[in-house]
1. Sort through ALA457, ALA485 and tell me the only one that's among the aliphatic types (A, V, I, L, M) and touching a residue at least 60 places away in the same chain (Cβ under 8 Å).
2. Look at GLY463 and say whether it is in contact (Cβ under 8 Å) with a residue 40 or more places away in the chain and either among the charged types (D, E, K, R) or open to solvent by less than 50 Å² (accessible area, probe 1.4 Å) (or both).
3. Within the range 494-534, count every residue that is modelled with pLDDT under 95 and among the charged types (D, E, K, R).
4. Being open to solvent by 40 Å² or more (accessible area, probe 1.4 Å), within 16 Å of the ligand (Cβ to nearest atom) and in contact with a His (Cβ under 7 Å, 6 or more places away or on another chain) is the filter here; which residues of the range 111-159 pass it?
5. Could you tell me which residue of the range 230-250 is most open to solvent (accessible area, probe 1.4 Å), considering only residues that are in contact with a Phe, Trp or Tyr (Cβ under 9 Å, 6 or more places away or on another chain) and within 21 Å of TYR513 (Cα to Cα)?
6. Using beta carbons and a limit of 9 Å, which pairs, at least six apart or on different chains, have the first residue in the range 249-276 and hydroxyl-bearing (Ser, Thr, Tyr) and the second one open to solvent by 60 Å² or more (accessible area, probe 1.4 Å)?
7. Just to be sure I understand the filter: pairs with C-beta atoms under 6 Å, separated by 6 or more residues or on different chains, first member in the range 497-508 and under 14 Å from ALA330 (Cα atoms) and open to solvent by 40 Å² or more (accessible area, probe 1.4 Å), second member aliphatic (A, V, I, L, M) and within 9 Å of the ligand (Cβ to nearest atom). Which pairs pass?
8. State all residues of the range 274-293 that are farther than 21 Å from THR439 by Cβ and surrounded by 13 or more Cβ atoms within 10 Å (Cβ to Cβ); if no residue qualifies, say none.
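The values are calculated or read from the model by the stated rules, or taken from the named source; none is laboratory data. Values in this document were obtained by computation on a predicted structure and should not be read as measured data. Note: ideal-geometry Cβ built from the backbone for every residue, glycine included; neighbour counts use all protein chains shown. SASA here: full protein model, heavy atoms, side chains in, ligands and nucleic acids out. Shrake-Rupley method; radii C 1.70, N 1.55, O 1.52, S 1.80 Å.
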Amino acid sequence: MPTHDSGATRLDALIIGAGFAGIYQLHCLRDRLGLQARVLEAGGDLGGTWYWNRYPGARCDSESHAYRYFFSRELSDEWQSTERYPGPAEIRAYLGHVATKFDLRRDMQFDTRVTAAHYDAVENLWRVDTARGEKFSATFLITAVGCISAANVPDIPGLKDFRGQWFHTGEWPHEGVDFRGKRVGQIGTGSTGIQAAPVIAETAGHLTVFQRTANYSVPARNAPLTAEFQRWVKDNFEQIRAVAQTTVNGHAFRISERRVADVSPAEREALYQEAWDYGGLQFRGTFLDLLTDRAANSTAAEFIKARIRAVVKDPATAEDLADIDHPYSAKRPPIDSNYFETFNRPNVALVNLRRDPIERITPTGIKTRSGEHPLDIIVFATGFDAMTGTLFKIDIRGRAGRSLRDYWRGGPRTYLGLQMPDFPNLFTITGPGSPSVLTNMPVAIEQHVEWITDCIAHLRKNGIRTIEPAEASVHSWGEHVEECARATLLYDAKHSWYFGANVQGKPQVFMPYSGGLHRYRKLCAEIAAKGYEGFAFDRTQPASLPVRAAEFAGAAAAPGV
Ligand code: NAP
């Protein structure tokens, strides 16, 4: 049982967030290391991203046989996905199954938003406050808050006076929104907007899509899974896991070794067509050099633009949709179900904001330079204050009151995306500077959770009081993250959220690690094997918690519970 000190519930480890990351971290710390651990979650249930993102058309872009945990074969065998891409309800059901199987809910607390976490150097404890006025203290604090969970509603003048309804896709009402017969305006054409527009258009009286930056998209080709495929997934668990854990992006497919210049133009078109017909994010894997060579990339870009022009019947709309200003995949590439086809519907219109910018929101609609668009509902598919926004919602303070906000004033600075100096024993799962959003997230999450678990086991076994990186490690890791980004075309799309460019006033720093999950995984393992090279330990006192017998069983042996 947790103990209490001066009114605070005392734990060994506190985990913030009950998505993929928090759920597995709780299992590892509680059931493998024997720690008193608890998850605090702002939402009313587990699910993380999939608890909040219930907008029309929401669906995972990773395929269901890879969008799952790989630490337990038994768990995988027990679960039957029904579609090629799982929707929010199925993902929540899956995570619910995991929680039930490992009896995790008893150590999860919902409707509990963490407001502050301050490090107490004397006691070597993180002191945590919640919006409900509860207090906790814990030796280890692990943030599992997700990378894209702080909704970004742009500061467009007039919103407060709008008399209709408005919603952000990332905070969608659980009861749904009735679009029937309504005039709907959707701002945003990223992965979310591209999923939402076709579904909204099915019931709305009229849908106006406000596009600032035209985007590529490849058909998802979602479909129910056949019994044969479901069988194949079960029979090939090890093989699927091996691929996901050794590819650059954590998906269960490999990137081709072939370069664009290796094939004739006719072969290239046939390969693109094959990938287009197959659908999904694999399109990126058609050639090795799509993300590193501009000329190679432009062949994929032109292929997609030609498909857009072929699908969209109105030539002016087709031109606006195909007028894309960045290399293919330099921003997160969406996949869709009938996105471009939607613009052939009589009840759908596109407004090109580059030519006709929004001036303000009026009480009755959106006013662009050319005139007013009367609306009943505005849907903001305008993305997130990614990677740092959710952490900044918590007043995190390390040694001597140093605030994370101050430390990251010029952009996030971490070692491996996992830790910061002066924030001892604080771990950030899929934090900035880690592969995170450039991967199939559950695979990156498992790698982080297992690394953190092994690290905590190491600290406790060796009587180490605290761990935090040296400032020099943060500096050189930041340089490496930047150098990796510069080696790719990701660096050319300066207006992407990877740089924080979508949020006004946010420092423009490329945030995720683009060197590849496979390399990153190896590097993290080597750093741990070298006694946590680049990190500093405090051994001045014995660890504040007794080492328990169960502690080391299985920690280093994961996966394979
Ligand atoms: P996003 O990629 O940031 O796209 C936001 C869109 O809103 C962009 O088109 C952006 O235009 C536009 N926008 C933002 N502020 C605007 C303003 N003031 N005026 C006009 N337009 C504005 O956000 P998202 O689509 O929600 O996707 C975020 C990430 O979530 C994705 O990249 C992906 O990683 C993840 N996601 C995953 C899935 C999945 O797996 N199923 C689904 C959806 C999202 P600009 O491009 O000009 O900034």
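1. Values: ALA485 fails: touching a residue at least 60 places away in the same chain (Cβ under 8 Å).
Every option except ALA457 fails the conditions.
2. Numbers: in contact (Cβ under 8 Å) with a residue 40 or more places away in the chain: yes; either among the charged types (D, E, K, R) or open to solvent by less than 50 Å² (accessible area, probe 1.4 Å) (or both): yes.
It is true that GLY463 is in contact (Cβ under 8 Å) with a residue 40 or more places away in the chain and either among the charged types (D, E, K, R) or open to solvent by less than 50 Å² (accessible area, probe 1.4 Å) (or both).
3. Residues meeting the conditions: 1.
4. Answer for the range 111-159, where residues must be open to solvent by 40 Å² or more (accessible area, probe 1.4 Å), within 16 Å of the ligand (Cβ to nearest atom) and in contact with a His (Cβ under 7 Å, 6 or more places away or on another chain): just VAL153.
5. Looking only at the range 230-250, we keep the residues that are in contact with a Phe, Trp or Tyr (Cβ under 9 Å, 6 or more places away or on another chain), and these are 237, 240-241, 243-245, 247.
With the extra rule that they be within 21 Å of TYR513 (Cα to Cα), the set shrinks to 243-245, 247.
Numbers: VAL243: 26, ALA244: 0, GLN245: 42, THR247: 7 Å².
Result: GLN245.
6. Every condition considered, the pairs that remain are SER256/LEU288.
7. The qualifying pairs are TRP497/ALA386.
8. Of everything in the range 274-293, those that are farther than 21 Å from THR439 by Cβ and surrounded by 13 or more Cβ atoms within 10 Å (Cβ to Cβ) turn out to be TRP276, ASP293.
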